[in-house]
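What follows is a set of notes on a single structure, which appears directly below.
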2 protein chains.
Amino acid sequence: MRVDIGNALDEVASPGVPRDALERLDERVADAHERIARGRADDEFGYAALNLPETADPDAVRAAVEPFDDVETVLTVGIGGSALGAATLSSALADADAPDAYYLDNVDPDHVRTLLDGLDLSRTVVDVVSRSGTTAETLANFLVVREAMAEEGVDWTERTLVTTGESGNLRDLAEKHDLPSVRVPEGVPGRFSVLSTVGLAPAALQGIDIDALLAGAAEAADGLSGSLFETPAYAYGATAYALDIRGAGVNAMMPYAEGLETFAEWFAQLWAESLGKDGLGQTPVRALGATDQHSQLQLYRAGPRDKLVTFVDVDDRPDVPIPETDLEGLDYLADTDLGELLDAEFRATEASLAESGRPSVRVELDALDAHSLGGLLYGMEAACVLAGELYEVETFTQPAVEWGKEAARDILRGERDRSEKATLRVE
Amino acid sequence: MRVDIGNALDEVASPGVPRDALERLDERVADAHERIARGRADDEFGYAALNLPETADPDAVRAAVEPFDDVETVLTVGIGGSALGAATLSSALADADAPDAYYLDNVDPDHVRTLLDGLDLSRTVVDVVSRSGTTAETLANFLVVREAMAEEGVDWTERTLVTTGESGNLRDLAEKHDLPSVRVPEGVPGRFSVLSTVGLAPAALQGIDIDALLAGAAEAADGLSGSLFETPAYAYGATAYALDIRGAGVNAMMPYAEGLETFAEWFAQLWAESLGKDGLGQTPVRALGATDQHSQLQLYRAGPRDKLVTFVDVDDRPDVPIPETDLEGLDYLADTDLGELLDAEFRATEASLAESGRPSVRVELDALDAHSLGGLLYGMEAACVLAGELYEVETFTQPAVEWGKEAARDILRGERDRSEKATLRVE
């Protein structure tokens, strides 16, 4: 990935970052880079995720999925980082003739029932993903899926891939039934796991080129240096941080590629769960160009000056010419194609924000392919880790979700009632 | 819909609204309600949208879609409000055996080509939606669809429904080819058009009960009164406004129902494009319970105190029991079902935010059905119009998107180059 942060400078935007502030910040980037390099060298918790381009074992992933034939559908049962990485790869990279991919990443009974009713479970591979083997939503859904298979006369042990840690419920289950399985690596939090078995296994089942994905990520890893002016990932992370502390508390991720809509959701988890701590952290917002020009742009251009808009643009797009027409007022579409129209919309939107003094950053990809996506995903992870160092937060933990998990268990056990602090009902 | 704003009070949360501030605000709500009632009585631009439960003509919609038989797919070609309302109704209400619904609401050539290649166009109904008949993205996509039909030997005039205003390109086209068509009503901005022909026609093609939808909306319309303490929609709009001006500049819409995921996107357009003006407006964020507990909750609970979380809870859900298991640590799931688990997750998350003093509002629906959804959509529109009155902005216009539209045309005509204000590239 390449990055242009020109439209985030204070010459253009307010809030904006002065060039000399970036130069001062670069000294902290150098220190942070050293910390990151040390963490990677020691395979420390979290930092280990930035070693995945080297440590992932694509051959083992391919071997684990090899037993499954006649695959019509890949059903990932997981939640949060256990599903979003896989979904991101699938949306961006799966061919039209690849097996369909679905996700049980919620426990909505209506949705689960409807989805399972619509699948041919005898031609479905279920990838059940939980490092601990105790994630309530995932295990509940897996039990429902197993029962649905039994009801259709499908042997679930023939159609299940287990993605879990070294020990626990799911590891025991895999061993008991001799199920194909892959190991969730140590030291890799869920939101940083897309380049591990968690993302790679369902990608391989869909025929995605996981070697190219890892090669693109490895190239980004090799490019990390001690200066934001030489490292696109750090340029992005440092600029987002510098804008946030100057008032841009919202980061709208707006790719101009339909296939990156799920990437924006993946980014939102990465950013929110890693940096949302100690009263700090930029709020990620998912958007999609050009669609959200007709939805969110009014707010971005004329609302509060609290936003960074991050564009992701793709250089190389397929040709889909716009047919000629005699419809009035559309002469400017003559001799163009959809990609040119999309690119013009992007350029106009970027210019529109700059013209009104709203900061934006442009991230550029050569194409929407496995190599470029590997670079983008790795780059955003590195950007996030850098930002965490600059904020001085614990990037790799998520303590604020634990209270709610325990409360949910208590409620189900009948040990806690709805603990409303106050009620003011209007009916 | 019913609303509980207790957890948004300053007794619970910071920022929070004091009860006496709400009472003072209620005087402004009374004035705003009078303004709204006057606008409705005069069918003024925008306010007219709040009359749709009465003025929409479901029989005309049914008559327009009646000619189409053998419908496997409904393809809506429209962008922004011309697609989001239809998609919201479809996601929430379409039966599993209804025709599939797809949307061309972007001009990504990759996506358009892949989607069209996958459809049987001879069994597809295309609903082309543009009030003006000049929306660049929509018309370009429609031209591409027409050509794809021609290439497959499908007569596009047999498979096209036109949804447009009284005059213009598409109206001329409909008349020339004698196409089934419905009229986009006057005075209804796109983001307020879900209860008009724009939302109702594709819904009718999917067999959705549009009478029940309008009846639910009519009930909400009848319930509008001059006090926020008696009107759920106003309670919501006034609370969101009161929290925003106290520092909650972000509004995370988090339904606990997979079928309402698109509703959150619809809400985001409604809120952003209506209120994002004059440097004001709350930034809508789309979330989904329980999924986003594993993604966004860390930020909501421990990040900056700049958020209102809006929950939408559904009382009545289908039964999907969780099968018994001997897996360790999952005893608390015994004798429960997915709906109970989802509800426990919701209650725990709501309590978790209250416990950490973060404001939330609960919106409750009896069930995820057409009647309740009609009430929810109408209620949120009324909440938004009320909030616009309180902010004193022009709720029904979107001036900030016009500059970009002209710039895109200029770029395509070669009359404008990429107007970067500044460049700072990192590669």
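Summary of computed values
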item	result
Gyration tensor (Cα) of region B:1-62, equivalent ellipsoid semi-axes in angstrom	34, 17, 7
³J(HN,Hα), Karplus 6.51/-1.76/1.60, whole Hz, each residue of region A:143-157, x for Gly, Pro	4, 5, 5, 4, 5, 4, 5, 4, 5, 8, x, 9, 7, 4, 5
A:Glu355/A:Ile245 FRET efficiency (R0 30 Å; Cβ-Cβ; nearest 0.05)	0.75
Cα-Cα P(r), chain A, percent of pairs per 20 Å interval	25, 53, 22, 1
7 Å along Cα→Cβ, label-point gaps from B:Glu406 to other copies, nm, shortest first	6.0
Cut-off 17 Å (backbone N to label point 7 Å along Cα→Cβ of A:Glu66), residues of region A:177-205	A:179-183, A:201-202, A:204-205
Peptide B:126-135 - average C-beta neighbours from other chains (10 Å radius)	1
FRET E, pair B:Lys176, B:Asp120, Förster distance 30 Å, beta-carbon r, rounded to 0.05	0.70
Size of electric dipole in region B:50-208: Cβ of Lys, Arg +1 and of Asp, Glu -1, about Cα centre, debye, nearest 20	540 debye
Peptide-level mean, for A:110-117, of C-beta atoms on other protein chains within 10 Å	5
Relative compactness, region A:1-134, computed as alpha-carbon Rg over 2.2 N^0.38 Å	1.53
Amide H contacts of B:Thr336 (H built 1.01 Å from N, under 5 Å, at least 5 apart or other chain)	B:Ile322
About the Cα centre, charge dipole magnitude for the protein assembly as shown (Lys/Arg +1, Asp/Glu -1 at Cβ), debye	2900 debye
Inter-copy separations for B:Asp319, label at 7 Å along Cα-Cβ, nm, ascending	6.1
For region B:355-369, Karplus couplings with θ = phi - 60° (6.51, -1.76, 1.60), whole Hz, Gly/Pro x	4, 9, x, 9, x, 9, 10, 10, 9, 10, 10, 5, 7, 8, 10
Most positive-pole-ward Cα, A:Thr160, A:Leu93, A:Leu424, against dipole of chain A from beta carbon charges	A:Leu424
Around A:Ser167: net Lys/Arg minus Asp/Glu count, Cβ-Cβ under 15 Å	-1
Per-residue ³J(HN,Hα) for region A:161-176, Karplus 6.51 cos²θ - 1.76 cosθ + 1.60, θ = phi - 60°, Hz, x for Gly and Pro	10, 9, 10, 7, x, 6, 8, x, 3, 6, 4, 4, 4, 4, 6, 4
Degrees between helix A:109-118 axis and first principal axis of chain A (Cα, 0 to 90, nearest 10)	80 degrees
Packing rank of A:171-183, B:289-301, B:3-15, A:155-167, where each peptide gets the mean count of other beta carbons within 10 Å, highest leading	B:289-301, B:3-15, A:155-167, A:171-183
Spin-label pair B:Thr423/B:Phe45, simplified geometry with 7 Å Cα→Cβ offset, distance in nm	4.0 nm
On Cα atoms only, tilt of A:402-412 relative to the major axis of chain A in degrees	40 degrees
Principal axis box of region B:50-208, alpha-carbon based, largest edge first, Å	42, 36, 28
Estimated FRET transfer efficiency when R0 is 35 angstrom, pair A:Glu394-A:Ala215 (beta carbons, to 0.05)	0.65
Tail fraction, Cα-Cα pairs, region B:66-142, threshold 14 Å, whole percent	62 percent
Translational diffusion of the protein assembly as shown, µm² s⁻¹ [Kirkwood Rh, Cα pairs; Stokes-Einstein; 20 °C; 1.002 mPa s]	79 µm²/s
Peptide B:312-324 - average C-beta neighbours from other chains (10 Å radius)	4
Amide hydrogen neighbours beyond the local backbone of A:Val312, cut-off 5 Å, H modeled	A:Met254, A:Tyr256, A:Val363
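Only the coordinates and a few stated rules stand behind these numbers; no lab work does. Values in this document were obtained by computation on a predicted structure and should not be read as measured data. Cβ sites come from the backbone with ideal geometry, for glycine too, and all protein chains shown count toward neighbours.
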